[in-house]
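K.L.:
Here it is: the structure, laid out below.
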Amino acid sequence: MTKNGRIQIILIFIVLLCFECFFNNYYNIIIQAQPLTFTSSLQTKQHSIHHISSKNNNKSLNVTVVDYSPIDMHIFHQKIDRNVALSVIFNNLNEYEKIVKNVSNQSELIVFPEYTLYGPGFNDRDRLSFFMEEIPNTFPVLNLCEKQQQSTNNNSLPILQRLSCIAQKYQMYLIVNMGDIQYCKNNDSCPTDNRLMYNTNVIFDKKGNLLNKYHKTHLYFEDSFNNGNGEPIIFKMENGLKIGTIICFDIIFKDPLERLMKEKIDILTYSSWWVNFPSYWNGLGFQQGFSKSFNTILLGASSGQSLLSSGSGVHIYGNSLVQLYNPSIKGKSSYGSVGVEAIEKKQYKQQGKKKTDIILNNFNNNGFNDFNETRIIPFVPVKGKYYELMDIKVGNVVCDFKFQISKRYEPNEEVVYILFIQDGHLFKPNFTQSSCSIMKCGKNSLTCSQFIERGLRDVNTNVIFDYFEISLHHLSSYSNDIKYFDSFPMMLTDGGMLYVEDLMGDKTFDTNTRTGMKIGEKVYLKSNNNSKPLLGATLLALYRDAVIKVN
């Protein structure tokens with residue numbers, strides 16, 4: 001196997017190898033569809049409550065997002081049958097119920113992550129089938145809790161029944177990820193084992209009624225599952241708020257996002273076991289950038305298993321009122337509060353910088369597969385030094401970088417950063433993207449040259465940038481089919497937390513990132529936020545054959 005092949009495999013599966021820590025944190029927040037004036041307060045113990053007040057009280061909603069690490073998973077058990085599978089699921093449902101109980105006085109809607117009832121990493125459909133439940137196809141399904149309790153001799157839906165009872169008992173809307181199995185006849189659309197198995201979000205109302213289910217459309221190395229049909233799922237709260245839901249990798253692709261946005265949803269909920277690539281593409285940073293570019297409210301819940309999967313938050317048009325990230329592989333508890341004001345776009349004037357000479361070593365890497373081109377330019381940050389590298393071409397993309405290391409930066413160890421430029425197709429299924437990044441890659445030149453393999457666990461830095469600017473443009477159209485791209489800013493500070501909490505209101509930051517940009521348009525981000533160390537800043541472009549219309 002080639003070195004690039006080994007790197008690709010590590011990228012794909014490293015998140016599945018770190019099951020050492022058991023960690024859960026949860027945050028609650030009251031949000032408004034049209035936020036005006038915000039205040040905040042804090043409750044300690046095991047969760048923080050963030051309050052927002054607005055004149056539009058008819059559209060208020062109390063929500064909880066959960067960054068949860070399973071206390072039991074299928075990989076802990078060599079032999080699996082239905083009884084073992086239900087034991088694993090109910091061990092985690094017991095923890096789910098504790099969380100719901102703790103927040104029931106402050107919250108109306110709670111979002112749980114992907115896979116956290118039993119864990120990811122199935123490569124055997126027979127093994128997977130033990131964790132599935134045949135979820136009904138006609139909705140709503142009323143009084144599941146009571147119906148199943150009355151049928152104790154033939155409880156065919158024990159997982160759904162338990163969820164229904166939790167929702168009913170604590171008067172809470174639940175969005176929970178689980179497995180759905182549908183039996184079929186052997187035809188063109190049916191697998192040879194006559195089973196369709198879906199990665200599924202289920203939605204319960206506070207009376208315990210099953211409102212609907214959503215099947216994950218875009219699978220991420222989940223060969224034991226079947227793809228959903230991309231049909232968007234939307235439900236209405238009692239106050240009229242329209243809520244949509246997607247699962248993990250769905251957030252990258254046009255469908256079902258486009259149809260959800262056309263329905264003018266008020267809130268998008270997002271369950272994930274995200275595969276983080278610190279300090280390049282972490283779930284928390286992408287959630288924030290997505291919320292800004294799509295001009296939407298995003299409730300993201302991911303697995304707190306480790307720094308390789310954690311990242312949950314509540315993001316209102318790029319204003320991240322809640323951010324949760326576990327920067328270790330052992331887990332920890334987090335507490336916090338936030339206070340913000342009305343969101344409005346802020347512009348700032350770029351300050352001129354004096355250019356100095358720079359000599360960098362660079363090398364090319366033909367990417368993670370045959371369709372991707374990557375260039376890595378390592379450098380050692382020098383206190384007080386200004387850097388300017390322009391017209392760096394990789395594939396069809398051109399990146400420009402300008403940045404200055406602060407005089408307040410005090411080197412206490414050798415550290416290497418890189419300029420990371422990438423263009424082409426990634427992962428399975430392939431999607432087309434480009435990115436321009438400044439990021440920490442390790443503590444020496446060895447870890448930098450192999451930063452994907454050895455730098456993934458390093459999310460700490462003390463390097464302060466007085467100023468940085470990244471821009472991206474194209475040499476030509478990708479193809480006749482690709483005419484547009486959506487652009488996203490992603491920035492992290494020490495510990496893997498967000499570098500800028502409010503992308504729209506922070507006057508030290510500016511960007512023109514948005515959806516529906518035309519090939520040929522130049523996109524940029526820039527910041528003079530010199531109060532925080534910079535772990536990584538990425539300008540990401542995802543390519544489309546048509547514009548995704550947003551609210």
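K.L.:
So if I check each of 91, 187, 102, which one is polar (S, T, N, Q) and in contact with a strand residue (DSSP E or B) (Cβ under 8 Å, 6 or more places away or on another chain)?
P.N.:
The unique qualifying residue is 102.
K.L.:
Ok, one more. Looking at the structure I just gave you, is residue 285 assigned to a loop (DSSP other than H, G, I, E, B) and among the small types (Gly, Ala, Ser)?
P.N.:
Against the criterion (assigned to a loop (DSSP other than H, G, I, E, B) and among the small types (Gly, Ala, Ser)), residue 285 does not qualify.
K.L.:
Turning to a different aspect of this structure: Within segment 373-405, can you find the residues that are surrounded by fewer than 19 Cβ atoms within 10 Å (Cβ to Cβ), of a type outside the set (D, E, K, R) and more than 30 Å from residue 432 (Cβ to Cβ)?
P.N.:
Listed by number, the residues that qualify are 380, 382, 384, 386.
K.L.:
Look through 126, 193 and report the one residue that is under 28 Å from residue 75 (Cβ atoms), part of a loop (DSSP other than H, G, I, E, B) and open to solvent by 30 Å² or more (accessible area, probe 1.4 Å).
P.N.:
193
K.L.:
Among the numbered conditions (1) surrounded by 24 or more Cβ atoms within 10 Å (Cβ to Cβ); (2) in a helix (DSSP H, G or I), tell me where residue 98 comes up short.
P.N.:
(1)
K.L.:
Going through segment 130-140 one residue at a time, which ones are more than 14 Å from residue 200 (Cβ to Cβ) and surrounded by 14 or more Cβ atoms within 10 Å (Cβ to Cβ)?
P.N.:
Of everything in segment 130-140, those that are more than 14 Å from residue 200 (Cβ to Cβ) and surrounded by 14 or more Cβ atoms within 10 Å (Cβ to Cβ) turn out to be 130, 140.
K.L.:
Hey, does segment 467-480 have a residue that's touching a strand residue (DSSP E or B) at 6+ places or on another chain (Cβ under 6 Å), within 16 Å of residue 319 (Cβ to Cβ) and open to solvent by less than 40 Å² (accessible area, probe 1.4 Å)?
P.N.:
no
K.L.:
Here's another thing I want to ask about it. Please specify each residue of segment 489-544 satisfying the condition of being in a loop (DSSP other than H, G, I, E, B), of a type in the set (Asp, Glu) and free of Cβ contacts under 8 Å to residues at least 60 places away in the same chain.
P.N.:
Once the filter is applied, which keeps residues that are in a loop (DSSP other than H, G, I, E, B), of a type in the set (Asp, Glu) and free of Cβ contacts under 8 Å to residues at least 60 places away in the same chain, segment 489-544 yields only 521.
K.L.:
How many residues are open to solvent by 10 Å² or more (accessible area, probe 1.4 Å) and either among the basic types (Lys, Arg) or closer than 19 Å to residue 541 by Cβ (or both) if we restrict to segment 294-331?
P.N.:
Total satisfying the criteria: 2.
K.L.:
Here is a further query. Quick check on my filter: what residues within segment 215-259 are without any contact (Cβ under 8 Å) to a residue 40 or more places away in the chain, more than 21 Å from residue 286 (Cα to Cα), open to solvent by 40 Å² or more (accessible area, probe 1.4 Å) and part of a loop (DSSP other than H, G, I, E, B)?
P.N.:
227, 229, 231, 238 - these are the residues of segment 215-259 that are without any contact (Cβ under 8 Å) to a residue 40 or more places away in the chain, more than 21 Å from residue 286 (Cα to Cα), open to solvent by 40 Å² or more (accessible area, probe 1.4 Å) and part of a loop (DSSP other than H, G, I, E, B).
K.L.:
Is it true that residue 265 is within 22 Å of residue 291 (Cα to Cα), in a loop (DSSP other than H, G, I, E, B) and open to solvent by less than 40 Å² (accessible area, probe 1.4 Å)?
P.N.:
yes
K.L.:
Any residue at all in segment 433-450 that's at pLDDT below 85 and in a strand (DSSP E or B)?
P.N.:
yes
The values are calculated or read from the model by the stated rules, or taken from the named source; none is laboratory data. The model shown is predicted, which means the values in this text are computed figures rather than measured ones. As a convention, Cβ positions derive from the backbone with ideal geometry for all residues, glycine included, and neighbour counts pool all protein chains shown. Accessible surface areas use protein heavy atoms only, side chains included; no ligands, DNA or RNA. Shrake-Rupley method; radii C 1.70, N 1.55, O 1.52, S 1.80 Å.
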